[in-house]
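Here the structure comes first, spelled out in structure tokens, and everything after it is commentary.
Taken together, the values in this text are just the output of simple stated rules run on the coordinates, not laboratory data. Just so it is clear, the model here is predicted, and its values are computed rather than measured. Cβ: placed from backbone, ideal geometry, glycine included. Neighbour counts: every protein chain shown.
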Amino acid sequence: MKKYLTSLLLWATIIIGEVHCFFAGIPGSYNWIWRREYPLTLQWNVWFVAKEINYLLLIIAIGVYQRNRINSLTVRVFTYFGLLDFILYFYNYKTWGYGKVYVWMAAAWVLMYNWNKITACLWLQLEHLVNPNR
């Protein structure tokens, strides 16, 4: 389990990062600030706390990183996701349907994980088309 802890922590950051959506539309303002009055909506308070928790999870994920196929792939997918997320920020960022990017992210992870099997199967099919007698 510790072997894949980096991957588990990175995937947990997505779940924690989206918890604030459950608090959208709740009226009123709340003050979670310790030293001074700074009212925010509950959704924004949860979003800021989730961000801070995610920073801690990322630091822990870096600290327990063990180089293996799963962790390397997860780090690579999260890097691509970060770049895509940054680009989408400037083009209609976080609109309805944005959640599909998480489905694409999971699909990319599965595709990249099985890439060698997929290409081997395709090469086998191509060889069968070229040499049908084999």
- [ ] Report the GluC sites (Glu not before Pro) located in segment 1-101 that are in a DSSP loop and have at most 11 other Cβ atoms inside 10 Å of their Cβ, or state none.
- [x] E37
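Arranged from highest to lowest average of other beta-carbon atoms within 10 Å per residue, in what order do the peptides 20-26, 126-132 appear?
Working: 20-26: 12.3, 126-132: 9.0.
Ranking the peptides 20-26, 126-132 by packing returns 20-26, 126-132.
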- [ ] Measure nothing fancy, just the Cα-based angle from helix 100-113's long axis to the longest principal axis of the chain, in degrees from 0 to 90, nearest 10.
- [x] 40 degrees
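Quick one: R35, R69, fewest Cβ neighbours within 10 Å first, how do they rank?
Details: R35 5, R69 9.
Ascending Cβ contact count within 10 Å gives the list R35, R69.
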- [ ] Provide the packing ranking of 79-85, 39-45, 97-103, i.e. peptides ordered by the mean count of other C-beta atoms within 10 Å per residue, highest first.
- [x] 39-45, 79-85, 97-103
